[in-house]
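Visitor: Here it is: the structure, laid out below.
The values are calculated or read from the model by the stated rules, or taken from the named source; none is laboratory data. Only a predicted model underlies this, so the values are computations on that prediction, with no experimental measurement involved. Cβ sites come from the backbone with ideal geometry, for glycine too, and all protein chains shown count toward neighbours. With ligands, DNA and RNA removed, areas are computed over all heavy atoms of the protein, side chains included. Shrake-Rupley method; radii C 1.70, N 1.55, O 1.52, S 1.80 Å.
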Amino acid sequence: MSTVIEQPVEARLVAAAPRMPSIPATLHYDRRDPFAVRMTFPAPATLEGVEVCWTFSRELLVAGLDGPEGQGDVRVRPYGFDRTVLEFHAPEGTAVVHIRSSEVRRFLQSTSDLVPLGLEHLQLDLDHDLAELMRDAC
């Protein structure tokens, strides 16, 4: 069984203009980092012209399907019947994207099949991680 899940999604960038262009994005989950989800936007879809990757908790994404969640750089909330809004806050500005909630739910179901919610800690090898930290400290 694979330890990584990648799911392309269609994100709609909310801009000042009434037009909402679609941009490709990828949701990413790795069992080796069981609490985290990444969302990656390819270089052509970003202002800087480089790939941009945001990392946030899987729990935030789950909770954001049902109500507004997040107080930091990433915020998630439902919008209408089948849209989820993700806000990405950075010093350069804020990006707001809409994604189909059904795509988010499908992604989260796949991650839960790989690592059930609440059992993420079982994927961690704390002894190995501590040994790596100690090795690097010497």
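Visitor: Label-point separation (nm) for residue 46 and residue 94, each offset 7 Å from Cα along Cα-to-Cβ?
Guide: In this crude spin-label approximation the distance works out to 2.1 nm.
Visitor: Next up: Quick one: which residues, 5+ away or cross-chain, put their amide H under 5 Å from the amide H of residue 36? H built at 1.01 Å from N.
Guide: 58
Visitor: Using a 1.4 angstrom probe, figure out how much accessible area segment 69-118 has per residue, in square angstrom, rounded to the nearest whole.
Guide: Values: 2720 Å² over 50 residues.
Here the residues of segment 69-118 average 54 Å² of exposed surface.
Visitor: If the label point is 7 Å along Cα→Cβ of residue 13, which residues in segment 38-73 have backbone nitrogen under 16 Å from it?
Guide: 40-54
Visitor: Quick one: with all protein chains in place, what share of the accessible area of segment 1-82 is carbon or sulfur, to the nearest percent (1.4 Å probe)? Please list the in-between numbers first.
Guide: Details: 2770 of 5040 Å².
Carbon with sulfur: 55 percent of the solvent-accessible area.
Visitor: Ignoring ligands and nucleic acids, what accessible area does residue 110 show with a 1.4 Å probe (Å², nearest 10)?
Guide: Approximately 40 Å² of residue 110 is accessible to the 1.4 Å probe.
Visitor: Arrange the peptides 24-34, 66-76 so that the one whose residues have, on average, the most other Cβ atoms within 10 Å appears first. Before the final figure, lay out the partial values.
Guide: Values: 24-34: 18.0, 66-76: 14.5.
For the peptides 24-34, 66-76, the packing ranking is 24-34, 66-76.
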